Amino acid sequence: MSHFQDLGLVAPLLKALSAEGYTNPTPIQAQAIPFVLAGHDLLGIAQTGTGKTAAFALPILNHLAKTPKQRAPRTARVLVLSPTRELASQILDSFRAYGRNLKLDSTVIFGGVPISRQVRAAQNGHDIVVATPGRLVDLVSQRALSLSNVEILVLDEADQMLDMGFIRDIKRLVALLPKQRQNLFFSATMPKEIAELANELLRNPQQVAVTPVATTAERVDQQVIFCDQPKKQALLHKLLEDKSIARALVFARTKHGADKIVRHLGAAGFIADAIHGNKSQGQRERALAAFRNGKSRLLVATDIAARGIDVDGVTHVINYDLPNVPESYVHRIGRTARAGAAGIAISFCGHDERAYLRDIERTTRQRVPAVDNPLGSEAGASLGQETEQAPRPQGQRPFGGHKAGGKPGQQQRRRFHGGKPRNAGERRASNGQ
Ligand code: AMP
């Protein structure tokens, strides 16, 4: 299936897709849309960046367009549950963009903002509600919204819901839904608890899986720089002298760490914002907007806050701290490889983070090439020699590296390309592969 026209979507949707500049469905869209249109439950194993939002939003909009109903007060026909406010807002934006030629009402419900407006908005009823679980439970408990008319339930990023402790809220909400409904369940990974939840929720689901963890990482040029912890700030400043790092997402492990990085960057004259759980909704939105419209070149984020950040043209992901969960590494570097683009991910690895690096390499089944520390050996560049990494070719330039996954001894020298990320094909060609 190579064109949206072949999927049987109504004309107003096709028109919106063409306005969005989408020509061909992504693999998850091509696989999932026909099943969802046919009314099946769906288990989608996919992460952000694969086009999964449109994979559920398009057939849902198609259903609503084909079965118009008068909106009933304080009800919703479609409920989408999302772990974070950012993701919820982006899902709503997608529904509105794809549904721009349909007369549908959609809204987003999340915490951190006054509930009164959401209560008022719910009075007339909505076609589509995108919500984070906690605030939705509040709204339902206040009887501001009833879930008894929900025809389609979407659970997005279920594994993240589990990590964030939302499973109980989800079960409470699901108990209030009509028995007769369609369920669409998306998760990037399938830990045991998530498989059990999927089992409870879904009836004879069709399963689609795209870009398993290991292959997502292949689209991103990955590098690791060994660096003593106290020298990381100087290393970051040094890297940022390279103007080809046009839009970089910098990851810190903690909120405090993220704030500290922003402070140091500011002192060194680099404009940066932080986004994490202690920031107000307004602060988060302003930081994201500045990053998106190019006012700030750098956004410093923690893992949870970064979930669902969908910003085009992120040239670099910089892991200031390595995550202790390997899947987070894959999510992080995926921020620079949206919708098939390639990108560059540079990880700083302190002495105490080597075990994390090994876990990451085991999970992705790829070696992350080590490159010389541009601050010189005193900053920890020599640390690389002590690890299980294969020895580097002599005289390798800072930022240079070899193609991930190569066998030791078969490494090829690769020039650093800091500019616009090239696509995987070009990369392979320039690597002589
Ligand atoms: P998602 O995985 O839903 O977060 O989508 C990732 C990005 O891909 C978003 O920026 C979408 O706008 C974009 N996208 C989704 N589907 C397509 C498509 N068929 N063609 C081009 N871009 C797409």
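Every residue in the range 1-13 that is within 12 Å of the ligand (Cβ to nearest atom) and open to solvent by 20 Å² or more (accessible area, probe 1.4 Å), please.
Result: M1, S2, H3.
What residue, among those in the range 14-51 that are assigned to a helix (DSSP H, G or I) and within 17 Å of R96 (Cβ to Cβ), is farthest from the ligand (Cβ to nearest atom)?
By that ranking, first place goes to K15.
Residues in the range 66-87: is at least one near the ligand (Cβ under 10 Å from one of its atoms), under 20 Å from the mean Cα position of the chain (by Cα) and either closer than 22 Å to L147 by Cα or surrounded by fewer than 18 Cβ atoms within 10 Å (Cβ to Cβ) (or both)?
yes
Just need a number here: residues in the range 248-276 that are within 20 Å of S328 (Cα to Cα) and touching a helix residue (DSSP H, G or I) at 6+ places or on another chain (Cβ under 6 Å).
The total comes to 5.
Condition first: surrounded by fewer than 18 Cβ atoms within 10 Å (Cβ to Cβ) and more than 26 Å from the chain's Cα centre (by Cα). Now tell me which residues in the range 103-120 satisfy that.
Scanning the range 103-120 gives K103, P114, I115, S116, R117, V119, R120.
Taking R181 as the residue in question, decide whether it is closer than 20 Å to S106 by Cα and open to solvent by 30 Å² or more (accessible area, probe 1.4 Å).
In short, yes.
Go through the residues of the range 26-40 one by one and say whether even a single one is in contact with a strand residue (DSSP E or B) (Cβ under 8 Å, 6 or more places away or on another chain) and on the phi > 0 side of the Ramachandran plot.
Checked against the condition, which is being in contact with a strand residue (DSSP E or B) (Cβ under 8 Å, 6 or more places away or on another chain) and on the phi > 0 side of the Ramachandran plot, the range 26-40 yields at least one hit.
Filter the range 291-325 down to residues that are out of contact with any strand residue (DSSP E or B) (no Cβ under 6 Å at 6 or more places or on another chain) and in a helix (DSSP H, G or I), then give me how many there are.
Adding up the residues that qualify gives 4.
Has the range 293-315 got any residue that is of a type in the set (V, I, T), farther than 24 Å from G51 by Cβ, crowded, with 18+ Cβ neighbours inside 10 Å and out of contact with any His (no Cβ under 6 Å at 6 or more places or on another chain)?
The answer is yes, given that some residue of the range 293-315 is of a type in the set (V, I, T), farther than 24 Å from G51 by Cβ, crowded, with 18+ Cβ neighbours inside 10 Å and out of contact with any His (no Cβ under 6 Å at 6 or more places or on another chain).
For the condition assigned to a helix (DSSP H, G or I) and free of Cβ contacts under 8 Å to residues at least 60 places away in the same chain, what is the one hit in L64, L87, L58?
When all the criteria are applied, what remains is L58.
Considering only the range 220-247, state which residues are outside any helix (DSSP H, G or I) and over 17 Å from L299 (Cα atoms).
V220, D221, Q222, Q223, V224, I225, F226, C227, D228
With (1) surrounded by fewer than 23 Cβ atoms within 10 Å (Cβ to Cβ); (2) modelled with pLDDT under 80 as the list, and P326 as the residue in question, which single condition is left unmet?
Only one criterion is unmet by P326, namely (2).
Please state which one of F348, F291 is closer than 23 Å to S89 by Cβ and of a type in the set (F, W, Y).
That would be F291, the only listed residue that is closer than 23 Å to S89 by Cβ and of a type in the set (F, W, Y).
The values are calculated or read from the model by the stated rules, or taken from the named source; none is laboratory data. The structure displayed is predicted, hence computed values, not measured ones. Because the Cβ atoms are built from the backbone with ideal geometry, glycine has one as well, and the counts that use them run over all protein chains shown. Only protein heavy atoms, including side chains, enter the accessible area calculation; ligands, DNA and RNA are left aside. Shrake-Rupley method; radii C 1.70, N 1.55, O 1.52, S 1.80 Å.
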